[in-house]
Structure formats: C-alpha cells, structure tokens
Amino acid sequence: MRLLLVEDDAMIGESVRTGLQQDGFAVDWVQDGRAAELALESNPYDTLLLDLGLPRKAGLEVLAGLRRRGNTIPVLILTARDAVADRVKGLDAGADDYLVKPFDLEELAARVRALLRRKSGRADPVVQVGKLAINPATHEVSLDGKPVSLSAREFALIHALAERPGVVYSRAQLEEKLYGWGQEVESNTVEVYVHSLRRKLGADFIQNVRGVGYMVPKQP
Ligand code: CA
C-alpha cells in the first residue's frame, strides 16, 4: 500500500516515513501543499496523511480541492493539540480521521489500516480470499490455517492483490504499490515475487492476464 505524507516539519516527516516504511507501507513524503497536489495528480495513493499548517498551500485547501475534483482517497489529518477548530473544519471538508501531534506511530499505522479497510468495504481486520488469510496488522499469513512465511515485498504484493479479488493490476501499478520514491525498482521484480508467491500459495492463486497484468481471482 502506498501512502502520501504531507508534513513540513522535517523531524516529524522523517520519523513518520521511517516508521510506516518499517510497517511495510511505501511512503512518499512532500513538504508543502502545492507539492502534495502535484504528487496526487500523478500517483495513485491508497491514503493521504495531511498536515494542515503547510507552506505554499494550506492542508485544508488541498483537501477541499481534492474532494471538489471527486477524489475519494482516504485522508487522515495531522493537527496540533490546540487546533480543535481546524480538526472540525478538516473533518467537515472531507477528511476521514485525524491524529493529534505528537502521536504514536503504532496508532498512526493502525488508523491507516482502518482507513484502508473501510476503503475496501471490509469490516473484518483480516483479509480473506478462499483459504488465504492475511492480517495487515501483524503481517501474518495463513493458508488453510497453516502459517505461510513471506518476505515484506511478497506480503505487500499479495496484500494489494487480495484486497481486491477479481481486479487486474498491471505490473506498473503493482510496482507503484511496492515502492515509494527513491526506492530502486529492480527489473522483473513483480514477476519474481509472483513466482515465489505461487510457489508458496499454489500455482493458481495469482492469475496472469496476458498483456494486462495480475489478479487474485474471486473465490467462492
Ligand atoms: Ca506544519
């Protein structure tokens, strides 16, 4: 899952990015409102983490513009403790949740998972496709009740596919979910991970739609 973090405080930005990356998210970080808009125009993010006090364009304006354009990305705003009015404005402008600074990174990751859950219309914290169960919070994966050991990238790939069974993702779309800016994308990387996932989960689990991409088929 790929997130955009908009935060002009370098220390907070760096620690949030590092913390969420350790949690398995691909994170792009920008430091002003205008850069946030440019990034949102050119990349498909799964969630936006938005500070409100930002140079060049205020967070609330970025948010209002997004919603005006019909963008439904889940948005979590990051605000100062004394800024109750801003939090209310943010929620009323279309934010889905907020966190007050300073916040705990584990709580932030849990709130992001909750937003991603709601985005996929799922109340169960565990992603289930047939016999496969994926827990985004603990990174535990099991097949028919037996634990399966996956690398961080394998986990990110199967999580993205299993979250939307029946939806075909191109290789480029999957690479975008696996890597943030500045992370070297090796060639054939998606093919390599698909290959090892098929070995661990069964050959039919991920289907190759020729010329289009990959999907996890819907299971009865
Ligand atoms: Ca700020």
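The values are calculated or read from the model by the stated rules, or taken from the named source; none is laboratory data. The shown structure was predicted, so the numbers you read here are calculated from the model rather than taken from an experiment. Backbone-built Cβ (ideal geometry, glycine too); neighbour counts: all protein chains shown. The protein model used for the area step is the full one, side chains on, heavy atoms only, and it has no ligands, DNA or RNA in it. Shrake-Rupley method; radii C 1.70, N 1.55, O 1.52, S 1.80 Å.
Quick notes
- Residue count for region 41-64, restricted to those that are farther than 24 Å from Gly180 by Cα and either of a type in the set (Val, Ile, Thr) or more than 14 Å from the ligand (Cβ to nearest atom) (or both): 1.
- Residue within region 8-22 that is buried (at least 20 other Cβ atoms within 10 Å of the Cβ) and away from the ligand (no atom under 16 Å from the Cβ) present: yes
- Count of residues meeting criterion [β-branched (Val, Ile, Thr) and either within 13 Å of the chain's Cα centre (by Cα) or surrounded by fewer than 21 Cβ atoms within 10 Å (Cβ to Cβ) (or both)] in region 137-157: 2
- Of the residues making up region 89-134, not one is open to solvent by 40 Å² or more (accessible area, probe 1.4 Å), under 17 Å from Asp46 (Cβ atoms) and in contact with a Lys or Arg (Cβ under 6 Å, 6 or more places away or on another chain).
- Test for Val185: is it of a type outside the set (Phe, Trp, Tyr) and free of Cβ contacts under 8 Å to residues at least 24 places away in the same chain: yes
- Any hit, region 178-195, residues being surrounded by 15 or more Cβ atoms within 10 Å (Cβ to Cβ) and over 23 Å from Asp28 (Cα atoms): yes
- The set of residues in region 141-187 that are outside any strand (DSSP E or B) and β-branched (Val, Ile, Thr) comprises Ile158, Val167, Val168, Val185.
- The listed residue being more than 16 Å from the ligand (Cβ to nearest atom) and farther than 25 Å from Lys177 by Cβ, out of Val100, Val84: Val84
- For Gln207: the one exception among (1) surrounded by 13 or more Cβ atoms within 10 Å (Cβ to Cβ); (2) at pLDDT below 90: (2)
- The test for being surrounded by fewer than 21 Cβ atoms within 10 Å (Cβ to Cβ) and either assigned by TED's automatic domain parsing to the domain that holds Glu107 or within 12 Å of the ligand (Cβ to nearest atom) (or both) holds for Leu38.
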